[in-house]
1. So if I check each of GLY278, GLY309, which one is in the same structural domain as VAL74 (by TED's automatic domain parsing), open to solvent by less than 10 Å² (accessible area, probe 1.4 Å) and under 23 Å from the mean Cα position of the chain (by Cα)?
2. Being within 15 Å of the chain's Cα centre (by Cα), within 16 Å of the ligand (Cβ to nearest atom) and either more than 22 Å from ASN99 (Cβ to Cβ) or not assigned by TED's automatic domain parsing to the domain that holds LYS92 (or both) is the requirement here; does LYS32 meet it?
3. Based on this model, can you work out whether LEU57 counts as under 22 Å from VAL117 (Cβ atoms) and either within 15 Å of the ligand (Cβ to nearest atom) or open to solvent by less than 30 Å² (accessible area, probe 1.4 Å) (or both)?
4. Going by the structure shown, is TYR324 open to solvent by 10 Å² or more (accessible area, probe 1.4 Å), among the hydroxyl-bearing types (Ser, Thr, Tyr) and more than 16 Å from the ligand (Cβ to nearest atom)?
5. Go through (1) over 22 Å from the mean Cα position of the chain (by Cα); (2) touching a residue at least 60 places away in the same chain (Cβ under 8 Å) one by one and return the number of the condition PRO254 breaks.
6. Identify, from the list GLY189, GLY195, GLY236, the residue that is over 30 Å from ILE105 (Cβ atoms) and either touching a strand residue (DSSP E or B) at 6+ places or on another chain (Cβ under 6 Å) or not assigned by TED's automatic domain parsing to the domain that holds ASP265 (or both).
7. Here is a list of conditions, (1) of a type in the set (Asp, Glu); (2) open to solvent by 40 Å² or more (accessible area, probe 1.4 Å); (3) closer than 21 Å to ILE36 by Cβ, and ASP87 meets all of them except one; can you say which number that is?
Amino acid sequence: MNYSFSGCDTVELAKEYGTPLYVMSEDIIMDKINEINNSFLKNYDNVEAYYASKAFLTKEMARIIKREGLGLDVVSGGELYTAKAVDFPVNKIMFHGNNKTVKEIKMALNYEVGHFVCDSIGEIQLIDELAKDLDTRANILIRVTPGVDSDTHKYISTGNVDSKFGVPLPLLKQAVETSTKLENIVLKGFHFHVGSQLFDNTSHLLATEIVLNIIKEMKEELGFITEELDLGGGFGIYYKKGDDVKDLSYFIEPMMKLIEKFTSDNNLLRPKISIEPGRWIVGEAGITLYTIGSIKEIPGVRTYVGVDGGMTDNPRPALYQAEYEALVANKIDKECTETVTIAGKCCESGDILIWDLKVPSLESGDILAIKSTGAYNYSMASNYNRVERPAVIMLKEGTPRLVVKRESYEDMLINEL
Ligand code: LLP
């Protein structure tokens with residue numbers, strides 16, 4: 001019996017499209033979007049949801065987000081260009097980034113993106129100057145570094161005091177004062193993002209409380225009225241046993257309660273609230289299929305099983321010691337009798353996708369399916385060792401469609417003279 005994912009036989013998919021193969025399920029993406037609708041958008045007035053496109057962006061993904069009416073969080077000219085390529089409504093684009101270049105800012109101003117999320121006072125001044133040259137005005141949110149720690153890998157924790165992201169609390173007042181004085185800047189409010197892959201809402205709640213106090217202070221001290229507040233993303237997904245995944249409402253409800261209560265107690269305008277999850281929308285919607293090649297048993301040590309991809313299509317185990325679950329797609333009814341280590345094909349000892357995976361007896365040619373690879377895999381893929389990037393297919397109601405062709409060797413040389 002073969003492993004079926006989102007109504008499709010994965011072994012057949014591997015045969016038809018080749019491996020490695022990113023397989024995304026539009027049905028699962030839709031389940032997540034429906035949950036955002038039901039537990040956030042339909043439950044509160046004056047709210048908006050953005051998809052953090054850094055998690056997984058292709059033209060087709062941007063089309064799905066556009067069709068479903070969500071906004072798009074982009075962090076680079078490349079993500080912005082992809083959105084533009086499918087005529088994504090520019091007023092629903094939030095442009096992030098801790099060091100936006102002049103080229104990117106000009107591009108975003110020319111496109112008239114809905115918001116810039118500003119990361120420093122210098123950047124606010126730069127956007128003002130460039131907006132003046134183009135005779136336009138930019139709506140901005142100031143990204144606040146709330147100074148809260150979060151329980152996740154240090155590389156994906158972003159709200160702590162010593163962070164490259166955001167305006168530190170001691171500089172906030174100055175950032176607000178500067179923004180309100182600049183003619184080509186319209187300061188709408190604030191943004192925070194505490195970290196990624198979180199199972200606990202503590203740091204979200206702490207950051208919300210800190211930013212609410214800032215909103216109050218800025219009104220009292222500068223007369224500034226906050227119209228918008230973006231709570232970021234970071235909601236955790238299931239990768240492996242023990243991952244204590246919560247519903248979206250576990251994060252949303254207490255934050256919204258806190259905001260409603262604080263603003264009404266303090267006689268403040270309840271700002272428009274937005275969220276911007278990335279991983280939570282696409283992470284569990286993706287799997288990666290590989291073909292097993294070499295099987296190398298080191299007697300008394302371990303067995304390395306080589307696959308035809310690795311850190312080039314999934315750098316997360318090497319970067320964050322991320323752990324994944326996997327199964328042998330053509331042998332799901334066979335008993336798991338062996339423990340093996342899944343090795344990528346790159347020239348790096350650290351290119352190991354899974355340590356100590358329980359599997360049935362393996363043969364070269366078997367198909368391995370690694371689960372929960374929908375976020376930060378395709379988007380972080382590289383051509384290290386000149387390995388071609390895999391194709392991406394999207395499944396909808398049991399029917400696959402190709403959304404990104406497999407890269408060719410010619411593609412890799414396209415810019416070389
Ligand atoms: N908003 C902002 C401002 C962010 O910096 C991020 C992620 C998100 C939203 C979306 O976070 P999510 O909902 O996906 O957790 N490459 C890493 C993740 C880096 C996340 C960076 N910022 C990984 O593979 O785990």
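The values are calculated or read from the model by the stated rules, or taken from the named source; none is laboratory data. Predicted, not measured: the structure shown is a model, and the values here were computed from it. All Cβ positions, even for glycine, are placed from backbone atoms using ideal geometry, and neighbour counts span all protein chains on display. Surface accessibility is based on the protein's heavy atoms, side chains included, excluding ligands, DNA and RNA. Shrake-Rupley method; radii C 1.70, N 1.55, O 1.52, S 1.80 Å.
1. Values: GLY309 fails: in the same structural domain as VAL74 (by TED's automatic domain parsing).
Exactly one residue qualifies, and that residue is GLY278.
2. Details: within 15 Å of the chain's Cα centre (by Cα): yes; within 16 Å of the ligand (Cβ to nearest atom): yes; either more than 22 Å from ASN99 (Cβ to Cβ) or not assigned by TED's automatic domain parsing to the domain that holds LYS92 (or both): yes.
Yes: the conditions hold for LYS32.
3. Details: under 22 Å from VAL117 (Cβ atoms): yes; either within 15 Å of the ligand (Cβ to nearest atom) or open to solvent by less than 30 Å² (accessible area, probe 1.4 Å) (or both): yes.
Against the criterion (under 22 Å from VAL117 (Cβ atoms) and either within 15 Å of the ligand (Cβ to nearest atom) or open to solvent by less than 30 Å² (accessible area, probe 1.4 Å) (or both)), LEU57 qualifies.
4. Details: open to solvent by 10 Å² or more (accessible area, probe 1.4 Å): yes; among the hydroxyl-bearing types (Ser, Thr, Tyr): yes; more than 16 Å from the ligand (Cβ to nearest atom): no.
Spelling it out, it is not the case that TYR324 is open to solvent by 10 Å² or more (accessible area, probe 1.4 Å), among the hydroxyl-bearing types (Ser, Thr, Tyr) and more than 16 Å from the ligand (Cβ to nearest atom).
5. (2)
6. Details: GLY189 fails: over 30 Å from ILE105 (Cβ atoms); GLY195 fails: over 30 Å from ILE105 (Cβ atoms).
When all the criteria are applied, what remains is GLY236.
7. In the conditions (1) of a type in the set (Asp, Glu); (2) open to solvent by 40 Å² or more (accessible area, probe 1.4 Å); (3) closer than 21 Å to ILE36 by Cβ, ASP87 misses (3) alone.
One line per residue, one yes/no per condition, for (1) farther than 22 Å from ASN46 by Cβ; (2) in the same structural domain as LYS92 (by TED's automatic domain parsing); (3) within 16 Å of the ligand (Cβ to nearest atom):
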position: ALA207; (1), (2), (3): no, yes, yes
position: LYS216; (1), (2), (3): no, yes, no
position: GLU221; (1), (2), (3): yes, yes, no
position: LYS241; (1), (2), (3): yes, yes, no
position: VAL245; (1), (2), (3): yes, yes, yes
position: GLU253; (1), (2), (3): no, yes, no
position: GLU260; (1), (2), (3): no, yes, no
position: LEU268; (1), (2), (3): no, yes, no
